[in-house]
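Each value in this text was obtained by applying a stated rule to the coordinates, not by laboratory testing. Here the structure is a predicted model, which means the values were calculated and not measured. Heads up, the Cβs are rebuilt from the backbone with ideal geometry, glycines too, and the neighbour counts pull from every protein chain shown.
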Amino acid sequence: MLRKTDGRPAGLANWLPVSEARSQVAVGVKRVLVLAVGWAFILLGIAGLFLPILQGILFLLIGLAILSTEYVWAHHLLLKLRARFPGMAKYADQAKHRASAWLERLTGQRKQD
């Protein structure tokens, strides 16, 4: 078996350190969870358009807000909705600030911009 000068086998020389590999896995898992939750809200919103017990528009907007962190088309759609309905955008901003403050208290972490 060929060995590099650092003592590792040649095939393992290009591997990432364990901490970097774990962080990449964590990022991948977070992305999958964000996408799953966002699409779940979209599906609930679509169902809510036809069922009287669910608030369809609310779930659609929540799903779009979540998906806008991963998809450009969702971000652009939210920007169009904000321009079309500026009054609702104000309430959405207030809700976002309240949710951020609540999450900061819950996790004990400060938001990084």
Point to revise | Shape call, segment 33-105: gyration tensor on alpha carbons, a/c limit 1.5 | key: rounded
**Study point:** Selection from 48, 59, 69, by position along the positive dipole direction of segment 21-107 (Cβ)
**Key:** 69
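Per 0.36 nm of contour for each residue apart, how much would the distance between residue 89 and residue 101 grow if the chain were fully extended, relative to their Cα-Cα spacing?
Here the answer is 2.5 nm.
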